[in-house]
Amino acid sequence: MLNLDIQKIRKDFPILNQQIYNKPLVYFDNGATTQKPQIVIDEESKIYSQENSNIHRGVHYLSEQLTQRYEDARKTVQKFINAPHDHEIILTSGTTESINTIAYSFGEKYVNEGDEIIISTLEHHANIVPWQMLCERKKAVLKVIPINDKGELLLDEYQKLISPKTKIVAVNQVSNALGTVNDVKKIIEIAHKNDIPVLIDGAQSVQHNVVDVQDLDCDFFVFSGHKLYGPNGIGVIYGKEKFLNEMPPYMTGGEMIKKVTFEKTTFNELPFKFEAGTPNYVAAIGLATAIDYIQELGLENIAAYEKELLDYATEKLESIEGLRIIGTAANKVCAISFILENIHHFDAGMVIDKMGIAVRTGHHCAEPLMDRFNIEGTLRASFAFYNTKEEIDKLYDAILTVKQMFG
Ligand code: PMP
């Protein structure tokens, strides 16, 4: 029994109600960014028109009120991922800044020459390059967990990569390019047996399933607001207090200090030590509004419906001759990457676009993963709870048209 009224939900997202090339928009690029419900758009507009003032500074009414709302937003994020303390939630501009912050700051404190860092073949560039740069700075070594042909991590190989020199493991919970859901609980368990902390990139997981950082026991968890039906320019670091307290600040400047003299600066306590400058308080409050919105729908309901969409789309697309799905893991979220025999993904994407359907084309910021499959890129259709089976039918028809045109 479907617990979501999809037609009613679609009315909450004004952008969906439009024509592209005289065809109703079908938005299947949710892995790149999700659309925003009106309630989030209204919240941001209300702040700018009635409540705006810089936070954590003034003693005046507007500043105090908005400071409270910003700190309440932090608590909403804390509860959303079940973090133990609100000071373990650092608000950033997005997953990319979150990972850069940790890679730099953790690296400064704990990584030395000859040490090792483990990532996986499935990572987005945002969870590769910061670690690579750290390895270059510190003369450390980057090790990579391999995958099988279905796009699943090989956990036996992972075990073999662990050594007394391993300082951190950083992997995503869900692959943006393939949709693979990784068994991060197991990955964390294995690392912890060896006293190694783990960072989980949750950019593609928080919007699809319930995340409980205490249950996972991850040491760091990061995600972006814009992929969670929230605003752009806001992201999250959850970090265990022990590490965050020991780690040096990444960015420095206003707000993150306790005392500044020209001789020496002492730093503020958590979470402010990692929030230099004026934070994006408008987006933080917008993110809390988005979290309230999806919690109202229920992540369990969202997961169940999205599974229906994934199964439906997989079966339909698989039936198309010459279409190969890249990423056939047993456990996936609702994203399908595929290639068409003898047709370049850009050509196919452009034709599909002309039918009002937005799909992603390219390497999905995961070039090493594309290399692993010996391909340049794929087309990716990534679904959200506001998508429908009728829209998937339209994608199916569009792919048949592409095949006719180029076949
Ligand atoms: N990690 C993953 C798995 C992602 O999908 C993305 C965004 N595509 C990122 C990191 C980077 O997120 P952002 O661009 O919001 O910083």
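The values are calculated or read from the model by the stated rules, or taken from the named source; none is laboratory data. Predicted model, so just to flag it, every value in this text is computed and none were measured. Note: ideal-geometry Cβ built from the backbone for every residue, glycine included; neighbour counts use all protein chains shown. What goes into the accessible areas is simple: the full protein's heavy atoms, side chains included, and nothing from ligands, DNA or RNA. Shrake-Rupley method; radii C 1.70, N 1.55, O 1.52, S 1.80 Å.
What number does the chain give for Rg over Rh if you use C-alpha atoms and the Kirkwood radius? Spell out each step's value before the answer.
Numbers: Rg = 21.9 Å, Rh = 22.3 Å.
Checking Rg against Rh, the ratio lands at 0.98.
Quick one: accessible area per residue over the chain, 1.4 Å probe, rounded to a whole number of Å²?
44
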Per the charge dipole of the stretch 153-243 (beta-carbon charges, Lys/Arg positive, Asp/Glu negative, Cα centre), the residue among Asn209, Ser163, Val174 reaching farthest to the positive end is Ser163
Everything considered on the Cα gyration tensor (a ≥ b ≥ c; rounded for a/c under 1.5, else prolate if a/b is larger than b/c, else oblate), the stretch 1-146 must be described as oblate
Longest principal axis of the chain (C-alpha) makes with the long axis of helix 345-354 (C-alpha) an angle, in degrees to the nearest 10, of 80
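Carbon and sulfur atoms: what percent of the 1.4 Å accessible area of the stretch 1-48 do they account for?
For the stretch 1-48, the apolar C and S fraction of the accessible surface comes to 53 percent.
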Of every Cα-Cα pair in the stretch 248-326, the percentage lying beyond 16 Å is 71
Reported to the nearest 10 Å², Leu216 has, with a 1.4 Å probe, an accessible area equal to 20
The distance between the Cα centres of the stretch 79-136 and the stretch 354-407, in whole Å, is 30
With the dipole of the stretch 236-377 defined by +1 on each Lys or Arg Cβ and -1 on each Asp or Glu Cβ, the option from Ala288, Thr314, Thr278 whose Cα lies farthest towards the positive pole is Thr278
Check: C-alpha center the stretch 276-333 vs C-alpha center the stretch 6-25, spacing in Å is 18
Cross-link reach from Lys150 to lysines, straight Cα distance under 26 Å and at least 8 residues apart if same chain, gives Lys160, Lys185, Lys186, Lys227, Lys307, Lys316, Lys332, Lys389, Lys403
Tilt, helix 299-318 to longest principal axis of the chain (alpha-carbon atoms), in degrees rounded to tens, equals 40
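Over the stretch 110-165, what number does the Rg to Rh ratio reach, with both radii from the alpha-carbon atoms and Rh per Kirkwood? Spell out each step's value before the answer.
Working: Rg = 11.9 Å, Rh = 11.9 Å.
Radius of gyration over Kirkwood radius for the stretch 110-165 works out to 1.00.
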Longest principal axis of the chain (C-alpha) makes with the long axis of helix 281-297 (C-alpha) an angle, in degrees to the nearest 10, of 50
Calc'd 3J(HN,Hα), the stretch 152-165, phi into Karplus 6.51 cos²θ - 1.76 cosθ + 1.60 (θ = phi - 60°), Hz, glycine/Pro = x, comes to 10, 5, 8, 6, 5, 5, 4, 4, 5, 6, 6, 9, x, 8
